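The values are calculated or read from the model by the stated rules, or taken from the named source; none is laboratory data. Predicted model, so just to flag it, every value in this text is computed and none were measured. All Cβ positions, glycine included, derive from the backbone under ideal geometry; neighbour counts span all protein chains shown.
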Amino acid sequence: MKKIVIELKNVSFAYREQIVLENVNLRVRQKEFWAILGPNGGGKTTLLKIILGLLKPLQGEVKVFGKPPAKVREFIGYVPQHGVRNTLLPLSVFELVAMGYQKNKSIGFFYNHKCKHKVYNALDRVGLVSLAHRNVLELSGGELQRALVARALVNSPKLLIFDEPTANVDPQGKVCLYELLGQLKQDMTILVVTHDLVVSSSSVDCLAAVNKKIVVSKTGELDKTMLDLIYGIHGELCPLNKAVSNPPGTFLKP
C-alpha cells in the first residue's frame, strides 16, 4: 500500500460567516496524480491553501506527509497560476528557475555550482535547456508554464501542486503540459487544481469535484454525481442527465 501524502479529515472553512468548505475528507497517496475540479468560488483555491498550510481550517485535521503542512513545506513544490507578465523584470529562464532554489546563498545574480546544477537539471526535465538564456518575456504561454514547473522542481519536491496550470495556455500547450505531468508522477505526487473540464489526460489517476463539499472518483472518470456537484442538479431535459457518466472532452480513461 502506498504511503499517504495528503490527508484531510472533516475539514471545514469559512470566510467570516460564509462556509466555503464543509466536512471535507480527502486522502491522496504517494505518486498519485489528482485533478481537483470545480467552479469559480467553489472552494478549490481555499482547499489548496489549506493543504499548503497558508490557511488554517475552521475545524478538522490536515496532515501532509503525516505532519502539519507548515512543517513540511520543503517537500512541496508549488506552481501558481501565471497572469500578466511583468515587463519590468526581464529575467532569463535560468534566472527565473534559480529564484526557486531555496539553498542558494549567492548574492544577486551570482549562482554557486550546486545551484547551477539544480537549475539545469530542472530545465532538462521540462525540456527547456535550450531556452535557458532566453528572456521570459519571449516565451509562449506553454513555455512559460514549463519554466514555472522547473522553478518548482529545482528543490526536488515530493509533492507538486498546481493552481490552474492551463490558464493562458493554448490547446497544444495544454496537451504537452499534461504529458509532462504524466512523466513527473513517476517520481512524485501531483495535485492539479482547475476548473477546466476540457483537458483530457490518461495520466490522471483520481478526480475530486469541489463545490463547498467534495466528491471523489478513484477511477479518474467524471460521473454525473460530480457534474451535479459542480453545476447543480438539472431537470430531465438537460443533456447532462441523459447517460453522460463519461461526457466527451473531460478527464477520461482511454
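Structural remarks
- Of all the criteria given as (1) out of contact with any Phe, Trp or Tyr (no Cβ under 9 Å at 6 or more places or on another chain); (2) modelled with pLDDT under 95; (3) not aliphatic (A, V, I, L, M), the one not satisfied by Ser130 is (2).
- Any hit, segment 17-39, residues being more than 20 Å from the chain's Cα centre (by Cα) and without any contact (Cβ under 8 Å) to a residue 24 or more places away in the chain: yes
- Test result for Lys31, within 27 Å of Gly182 (Cβ to Cβ) and part of a strand (DSSP E or B): no
- Hey, Arg85 at pLDDT below 95, among the basic types (Lys, Arg), assigned to a loop (DSSP other than H, G, I, E, B) and touching a Leu at 6+ places or on another chain (Cβ under 8 Å) or not: yes
- Scanning segment 40-63 for residues that are more than 15 Å from the chain's Cα centre (by Cα) and hydrophobic (A, V, I, L, M, F, W, C) gives Leu54, Leu55, Leu58, Val62.
- Single match in Lys116, Lys67 (criterion: surrounded by fewer than 17 Cβ atoms within 10 Å (Cβ to Cβ), of a type in the set (Lys, Arg) and at pLDDT below 95): Lys116
- Sole residue being more than 21 Å from Gly42 (Cα to Cα), part of a loop (DSSP other than H, G, I, E, B) and not polar (S, T, N, Q), chosen from Pro165, Pro157: Pro157
- For beta carbons closer than 9 Å, sequence separation of 6+ or different chains, a first residue in segment 204-219 that is touching a residue at least 60 places away in the same chain (Cβ under 8 Å) and under 22 Å from Leu160 (Cβ atoms) and a second that is aromatic (Phe, Trp, Tyr) and in a loop (DSSP other than H, G, I, E, B), the qualifying pairs are Val204/Phe251; Leu207/Phe251.
- Residue match in segment 189-206 (condition: outside any strand (DSSP E or B), of a type in the set (D, E, K, R), more than 15 Å from the chain's Cα centre (by Cα) and surrounded by fewer than 18 Cβ atoms within 10 Å (Cβ to Cβ)): no
- Residue in segment 63-70 that is in contact with a helix residue (DSSP H, G or I) (Cβ under 9 Å, 6 or more places away or on another chain), without any contact (Cβ under 8 Å) to a residue 40 or more places away in the chain, in a helix (DSSP H, G or I) and not hydrophobic (A, V, I, L, M, F, W, C) present: yes
- Check on Pro171, touching a residue at least 40 places away in the same chain (Cβ under 8 Å) and either surrounded by fewer than 22 Cβ atoms within 10 Å (Cβ to Cβ) or among the acidic types (Asp, Glu) (or both): no
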